[in-house]
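Could you have a look at this structure, given as structure tokens, before my questions?
The values are calculated or read from the model by the stated rules, or taken from the named source; none is laboratory data. From a predicted model like this one, the values you see are computed outputs, not experimental measurements. Every residue, glycine among them, receives a Cβ derived from its backbone with ideal geometry; neighbour counts consider all protein chains shown.
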Ligand SMILES: Nc1ncnc2c1ncn2[C@@H]1O[C@H](COP(=O)(O)OP(=O)(O)OP(=O)(O)O)[C@@H](O)[C@H]1O
Ligand SMILES: [Mg+2]
């Protein structure tokens, strides 16, 4: 599916503005896609640029007059004479009254002074797209991004991410994507038993031309119905994507999926921070042992700072939990000053067996692990937990922030 909006062409010598505009047009709700970018100065324009413009037959022309407002207005006039029927949106420095009038007479439908206000520019593009009868794309509801993280390696983050994605998809039948942001040693593909053809880094490299069709070619479809955007097989270093690139991609992905579940490495890497920034919730995974609690305690301040709404976005998941251990759930909660939103019982044979066979454990049905992850998934999906949600006591109210008691609950 390609955005149903109109084709836009951008003429600007300003790389910063071109980046801003690309970001705006990534949002399908705006109703336009970028078909051509021209970077040359107006003084250097010739047959080549005119031919390119004619070839893409853009309906919306975005002209940056910064480089030479006078020549820019003349070019707008030329375009209006030779390409009637399109709309011109111009940006640039504050213009004199006369120059602004000339721009309007030359066919400029809207003029915005740089640095542009991104929201105003987005509105302007939407309006022009509507006026051409091509917009009408109502703002799309963005999907939920849930990021799984632990500052302590080996806590079970990847297992929970993988199984939670499968559970959410099974419970809701909604479009669910699992993203492996552990770009050095990611193992999600292994957990799902797939051999991806493409990975996250390929996507970064081709993001400038990304649309829904191209996205589909980077995604692996697992038999469970969950989609996967994998980490590279070989660790990336030189070509490691920047935080900004990852942020943009996650924003793009939530326009195409109802749930985006992100697996992260144990470090506060730029990618991990970008994921926090885009996430609705971070599911912080800990085990019930001192080294885990110590690491989480040390990482918590950084995590809270990285989240736009701080602690309210953190959900603590206690993994490999077994009641009767030296450290109780109350100890964990007191130590971290966080309530546990869910617990997942220790079930080593089932978990390692599922990883080794590349079959998510929740597809096997009966394990304790499955019951507990299902309870967490049900809560996230806004469904009531069923009787099988062992040890999910209090999970609903904690996750949803309200108290909901089971009627007639009997004490043993
Ligand atoms: N609830 C559980 N019960 C028993 N074993 C578990 C449980 N959860 C995870 N494990 C085991 O812990 C190990 C690490 O799991 P996983 O790879 O999911 O952790 P991780 O936090 O992603 O690790 P890394 O830091 O290497 O990315 C696996 O071998 C798995 O078998
Ligand atoms: Mg992992």
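Any residue in the range 325-344 that is within 16 Å of ligand 2 (Cβ to nearest atom), assigned by TED's automatic domain parsing to the domain that holds residue 287 and within 30 Å of the chain's Cα centre (by Cα)? Can you show your working first?
Pass one, the range 325-344, residues within 16 Å of ligand 2 (Cβ to nearest atom): 344.
If we keep only those that are assigned by TED's automatic domain parsing to the domain that holds residue 287 too, we end up with 344.
Applying the additional criterion that residues be within 30 Å of the chain's Cα centre (by Cα) yields 344.
Yes, the conditions are met somewhere in the range 325-344.
Which of the residues spanning the range 263-274 are closer than 21 Å to residue 301 by Cβ and either away from ligand 1 (no atom under 13 Å from the Cβ) or in contact with a helix residue (DSSP H, G or I) (Cβ under 9 Å, 6 or more places away or on another chain) (or both)? First the steps, then the outcome.
Taking the range 263-274 first, the residues closer than 21 Å to residue 301 by Cβ are 264-274.
264, 265, 266, 268, 269, 270, 271, 272, 273, 274, listed by residue number.
Let me ask you something else. Within the range 150-209, count every residue that is assigned to a loop (DSSP other than H, G, I, E, B), over 30 Å from residue 24 (Cβ atoms) and more than 13 Å from ligand 2 (Cβ to nearest atom).
Filtering the range 150-209 for residues assigned to a loop (DSSP other than H, G, I, E, B) gives 150-156, 173-175, 181-187, 193-199, 206.
Restricting the remaining residues to those that are over 30 Å from residue 24 (Cβ atoms) gives 150-156, 173, 182, 184-187, 193-197.
Still in the running and more than 13 Å from ligand 2 (Cβ to nearest atom): 173, 193-197.
Total meeting the criteria: 6.
Could you tell me which of the residues 316, 300 is outside any helix (DSSP H, G or I), at pLDDT 95 or above, assigned by TED's automatic domain parsing to the domain that holds residue 158 and away from ligand 1 (no atom under 14 Å from the Cβ)?
On the way: 300 fails: outside any helix (DSSP H, G or I).
Among 316, 300, only 316 is outside any helix (DSSP H, G or I), at pLDDT 95 or above, assigned by TED's automatic domain parsing to the domain that holds residue 158 and away from ligand 1 (no atom under 14 Å from the Cβ).
Next question, about the same structure. Name the single residue that is farthest from ligand 1 (Cβ to nearest atom) among those in the range 323-360 being part of a helix (DSSP H, G or I) and touching a helix residue (DSSP H, G or I) at 6+ places or on another chain (Cβ under 7 Å). Let's see the steps before the verdict.
Applying the first criterion (part of a helix (DSSP H, G or I)) to the range 323-360 yields 329-336, 348-357.
The next check asks that each one be touching a helix residue (DSSP H, G or I) at 6+ places or on another chain (Cβ under 7 Å); those that pass are 332, 335-336, 350-351, 354-355.
Values: 332: 15, 335: 19, 336: 17, 350: 8, 351: 4, 354: 8, 355: 6 Å.
Among those residues, the one meeting the criterion is 335.
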